[in-house]
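Notes for the one structure printed next.
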Amino acid sequence: MTAHWDQVGWPDSMKTDRQEKVKELHLLKTRIFNNMICEGSIPLRPGVLRLVDEAIQNGVRLACCSTSSVDAVTNLIQTLMGSERAAYFRIFAGDMVKKKKPAPDVYLMAVTEMGLDKSRCVIVEDTSIGLAAAKAAGISCIVTKSAYAAMEDFSGADMLVDELGEETTPGVTVDTLTSLLKVPSI
């Protein structure tokens, strides 16, 4: 929210006590988001489970790096992917870092804590803010367009797709992601 309002201008009602008001709005947004997930109102996008399953089968280490809170991300992964898949994920969230996306902090934390080489990582994003964070972290990034962010500028993405693809038409695979690495596969 802060990045958005810094860019487009702050509402008159938020000229003072901005940080406190943003915190209150984030908490409200998280409560609403978690309720919607539990109610089944927010589905995963097409191809997410297929790609996660393929990554797990190929021994790819997985992390979810989000501007949302740890609780919201954990709820999302547990509820929509199931506990078996969730066990393969490390979660890094906005409330774990000093600066949220578009700052690269959450991605840099994941790389450091997981002991990864940035040149061997690929980030899957769906917003220009996430893309900016990935690029600022020096990590390859594929962007999947969404209705929410369809009009955003995704120039700079290593690859841009409409969706990940389902079982019958798997557009993005582990091999696709491997092709985006900054060093050749070993």
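Antiparallel as a % of all DSSP beta bridges within the chain, to the nearest 5? Present the calculation step by step, with values, prior to reporting the outcome.
Numbers: 0 of 12 bridges.
Of all bridge pairs located within the chain, approximately 0 percent are antiparallel.
Counting every alpha-carbon pair across the stretch 1-85, the share separated by more than 14 Å comes to 72%.
The separation of the stretch 70-112 from the stretch 125-148, counted between C-alpha centres, amounts to 15 Å. Loop-resident trypsin sites (Lys or Arg not before Pro) (DSSP state other than H, G, I, E or B) in the stretch 1-91 with no more than 13 further Cβ atoms inside 10 Å of their Cβ: Lys15.
Scan the stretch 98-186 for chymotrypsin sites (Phe, Trp or Tyr not before Pro) in coil per DSSP, keeping those whose Cβ has at most 15 other Cβ atoms within 10 Å, and list them by number.
On the way: sites: Tyr107, Tyr148, Phe154; in loops: Tyr148, Phe154.
Qualifying residues, ordered by number: Tyr148.
Placing R0 at 45 angstrom, the Cβ-Cβ distance between Asp12 and Asp53 gives a FRET efficiency of 0.40 after rounding to 0.05. The C-alpha atoms of the chain define a longest principal axis, and helix 128-137 lies at about 70 degrees to it.
Of the accessible area of the stretch 44-173, computed with a 1.4 Å probe over protein heavy atoms only, carbon and sulfur atoms account for 52 percent. Full extension of the chain between Lys145 and Arg31 yields a length gain of 38.5 nm, computed as 0.36 nm times the residue separation minus the alpha carbon distance. Taking the Cα-to-Cβ direction at Lys182 and at Ala87 and moving 7 Å from each Cα, how far apart do the two end points lie in nm? About 3.4 nm, to one decimal.
What is the Cα radius of gyration of the stretch 37-127 over 2.2 N^0.38 Å, N being its residue count?
Numbers: Rg = 13.1 Å, N = 91, 2.2 N^0.38 = 12.2 Å.
In units of the globular-protein estimate, the stretch 37-127 measures up at 1.07.
Per residue, the accessible area of the stretch 95-186 comes to 55 Å² when a 1.4 Å probe rolls over the protein heavy atoms.
Working value for the stretch 9-56: equivalent-ellipsoid semi-axes of 34, 14, 9 Å, each the square root of 5 times a Cα gyration tensor eigenvalue, largest first. Other residues with beta-carbon under 14 Å from the beta-carbon of Glu163 carry, at +1 per Lys or Arg and -1 per Asp or Glu, a net charge of -2.
Can you classify the stretch 130-186 as rounded, prolate or oblate using the Cα gyration tensor, where a ≥ b ≥ c are the square roots of its eigenvalues, rounded means a/c under 1.5, and otherwise it's prolate if a/b beats b/c and oblate if not?
Values: a/c = 2.92, a/b = 1.04, b/c = 2.82.
Verdict is oblate for the stretch 130-186.
Only DSSP H runs of four or more residues enter the estimate; each adds -39500 (n - 2.57), and after division by the residues of the chain the mean residue ellipticity at 222 nm equals -12500 deg cm²/dmol.
As I understand it, the value is the acute angle between the Cα axis of helix 70-81 and the longest principal axis of the Cα atoms of the chain; what does it come to in degrees, rounded to 10? Tilt relative to the chain: about 40 degrees.
Can you give the percent of C-alpha pairs in the chain whose distance is more than 25 Å? All intermediate terms of the calculation are to be shown ahead of the outcome.
Details: 6119 of 17205 pairs.
Every Cα pair in the chain considered, those over 25 Å come to 36 percent.
Sorted from longest to shortest, the spans of the Cα atoms of the stretch 84-152 along the three principal axes equal 35, 30, 26 Å. The angle between the Cα long axis of helix 18-39 and the main principal axis of the chain comes to about 50°, on a 0 to 90 degree scale.
The values are calculated or read from the model by the stated rules, or taken from the named source; none is laboratory data. Not measured: the values here are computed from a predicted model. Here the Cβ is made from the backbone with ideal geometry for all residues, glycine too, and neighbour counts use every protein chain on show. The protein model used for the area step is the full one, side chains on, heavy atoms only, and it has no ligands, DNA or RNA in it. Shrake-Rupley method; radii C 1.70, N 1.55, O 1.52, S 1.80 Å.
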